[in-house]
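To keep things clear, I will list the structure first and then write my remarks on it.
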Amino acid sequence: MTPDRRVSAELDRLLPKPPARLGVAVSGGGDSMALLHLAQAWARSRDIALHAVTVDHGLRPEAAAEARCVAAAAAALDVPHAILHWQGWDGRGNLQDAARQARRRLVADWAARQGIAAVALGHTLDDQAETVLLRLARGSGVDGLAGMAAVTRTAGVTWLRPLLGERRADLRRWLAASGLSWVEDPSNEDTRFARVRARRLLTELAPLGLDAPRLGRTARAMRRAREVLDRAAIDLAARAAEVTAGAVAIDRTA
């Protein structure tokens, strides 16, 4: 099955009740550019209005030009596109985490203004594997090793990850075969960042069987385990906890 068919099926699964509008976050990289084109084909066939958004973090001189490239690609697809700007970096702390949190806030605010309830993100199976490896290195338990969920709800937005079953290289091959271009962020090769080091380490670990597909399966198994634990905790709370005037009484024996 080709990426367009797989992603279309995944979007149908994640959105059983198709919304009138769907947002898509596009950085200009291969993953998000593939998502823009794949989501546009899916949305058009279902009479859904697709809206694209790009966050210019202002951290690299090329960023503004890359955002304009996304704008041009969106215009060619007749998809409305917005460029948001972040100027909050003070040079301290974890840059990638700060940029990620700022991006989420900016996109959530944009979605609210546009009346968009769901936004699709371009995280792939490779991103999932890197996430699991990094959390394994931090000694995470079931919650952490569950990785990124296909659907999450925060900041008043439903965030979708329809590419979690797709390999990064496959998406780029699909783009190239379709005559579509993308940009490469040089920070993806900067080994100062832990995620870049994890990406390179996965290449070394693959001969041992610790590759992206296997780590992806681990994440799915841990997510199922977490769902079971959550249900068990809810059931226990219903039997063992009683709330009275804001105070919680817990049956110790139960």
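The values are calculated or read from the model by the stated rules, or taken from the named source; none is laboratory data. This is a predicted model, so every value here is computed, not measured. Backbone-built Cβ (ideal geometry, glycine too); neighbour counts: all protein chains shown. With ligands, DNA and RNA removed, areas are computed over all heavy atoms of the protein, side chains included. Shrake-Rupley method; radii C 1.70, N 1.55, O 1.52, S 1.80 Å.
Could you check how many residues of the stretch 132-150 are open to solvent by less than 60 Å² (accessible area, probe 1.4 Å), under 20 Å from Asp211 (Cβ atoms) and not β-branched (Val, Ile, Thr)?
8
Mind checking which residues of the stretch 33-56 are open to solvent by 10 Å² or more (accessible area, probe 1.4 Å), polar (S, T, N, Q) and closer than 24 Å to Leu125 by Cα?
Gln40
Yes or no, residue by residue, for (1) of a type in the set (D, E, K, R); (2) in contact with a Gly (Cβ under 6 Å, 6 or more places away or on another chain); (3) open to solvent by 50 Å² or more (accessible area, probe 1.4 Å); (4) part of a helix (DSSP H, G or I):
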| position | (1), (2), (3), (4) |
| --- | --- |
| Trp182 | no, yes, yes, no |
| Ser187 | no, no, no, yes |
| Leu205 | no, no, no, yes |
| Arg224 | yes, no, yes, yes |
| Leu229 | no, no, yes, yes |
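Report whether or not Asp90 is of a type outside the set (Gly, Ala, Ser), open to solvent by 20 Å² or more (accessible area, probe 1.4 Å) and modelled with pLDDT of 95 or more. Quick ask: steps written out before the conclusion?
On the way: of a type outside the set (Gly, Ala, Ser): yes; open to solvent by 20 Å² or more (accessible area, probe 1.4 Å): yes; modelled with pLDDT of 95 or more: no.
Considered against the rule, which asks whether it is of a type outside the set (Gly, Ala, Ser), open to solvent by 20 Å² or more (accessible area, probe 1.4 Å) and modelled with pLDDT of 95 or more, Asp90 comes out as no.
Report the residue count in the stretch 154-170 for those that are out of contact with any Lys or Arg (no Cβ under 8 Å at 6 or more places or on another chain), over 18 Å from Arg6 (Cα atoms) and open to solvent by less than 50 Å² (accessible area, probe 1.4 Å).
Going residue by residue through the stretch 154-170, those that are out of contact with any Lys or Arg (no Cβ under 8 Å at 6 or more places or on another chain) are 156-158, 160-164, 167-170.
Within this subset, residues satisfying the condition of being over 18 Å from Arg6 (Cα atoms) are 156-158.
Within this subset, residues satisfying the condition of being open to solvent by less than 50 Å² (accessible area, probe 1.4 Å) are 157-158.
Summing the residues that are out of contact with any Lys or Arg (no Cβ under 8 Å at 6 or more places or on another chain), over 18 Å from Arg6 (Cα atoms) and open to solvent by less than 50 Å² (accessible area, probe 1.4 Å) in the stretch 154-170 gives 2.
Here is a yes/no grid of residues against (1) within 21 Å of Glu189 (Cα to Cα); (2) open to solvent by 60 Å² or more (accessible area, probe 1.4 Å); (3) not in a helix (DSSP H, G or I):
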residue	(1), (2), (3)
Ala71	no, no, no
Ala99	yes, no, no
Trp110	no, no, no
Glu130	yes, no, no
Thr152	no, no, yes
Arg172	yes, no, no
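Confirm whether Arg21 is touching a strand residue (DSSP E or B) at 6+ places or on another chain (Cβ under 9 Å), open to solvent by 30 Å² or more (accessible area, probe 1.4 Å) and free of Cβ contacts under 8 Å to residues at least 12 places away in the same chain. Show your work before the answer.
Details: touching a strand residue (DSSP E or B) at 6+ places or on another chain (Cβ under 9 Å): yes; open to solvent by 30 Å² or more (accessible area, probe 1.4 Å): yes; free of Cβ contacts under 8 Å to residues at least 12 places away in the same chain: no.
Against the criterion (touching a strand residue (DSSP E or B) at 6+ places or on another chain (Cβ under 9 Å), open to solvent by 30 Å² or more (accessible area, probe 1.4 Å) and free of Cβ contacts under 8 Å to residues at least 12 places away in the same chain), Arg21 does not qualify.
In the stretch 190-203, how many are open to solvent by 70 Å² or more (accessible area, probe 1.4 Å) and more than 20 Å from the chain's Cα centre (by Cα)? Lay out the reasoning, then the answer.
Of the residues in the stretch 190-203, the ones open to solvent by 70 Å² or more (accessible area, probe 1.4 Å) are 192, 197, 200-201, 203.
Applying the additional criterion that residues be more than 20 Å from the chain's Cα centre (by Cα) yields 192, 200-201, 203.
Summing the residues that are open to solvent by 70 Å² or more (accessible area, probe 1.4 Å) and more than 20 Å from the chain's Cα centre (by Cα) in the stretch 190-203 gives 4.
For (1) of a type outside the set (Ser, Thr, Tyr); (2) touching a residue at least 40 places away in the same chain (Cβ under 8 Å), each residue gets a yes or a no:
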{"residue": "Val151", "(1), (2)": "yes, yes"}
{"residue": "Ala155", "(1), (2)": "yes, yes"}
{"residue": "Trp159", "(1), (2)": "yes, yes"}
{"residue": "Arg167", "(1), (2)": "yes, yes"}
{"residue": "Ala176", "(1), (2)": "yes, no"}
{"residue": "Ser187", "(1), (2)": "no, yes"}
{"residue": "Leu202", "(1), (2)": "yes, yes"}
{"residue": "Met222", "(1), (2)": "yes, yes"}
{"residue": "Ala232", "(1), (2)": "yes, no"}
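Determine, yes or no, whether Asp235 is surrounded by 10 or more Cβ atoms within 10 Å (Cβ to Cβ) and either closer than 23 Å to Met148 by Cβ or of a type in the set (A, V, I, L, M, F, W, C) (or both). Break it down into steps so the answer makes sense when it comes.
Numbers: surrounded by 10 or more Cβ atoms within 10 Å (Cβ to Cβ): yes; either closer than 23 Å to Met148 by Cβ or of a type in the set (A, V, I, L, M, F, W, C) (or both): no.
It is false that Asp235 is surrounded by 10 or more Cβ atoms within 10 Å (Cβ to Cβ) and either closer than 23 Å to Met148 by Cβ or of a type in the set (A, V, I, L, M, F, W, C) (or both).
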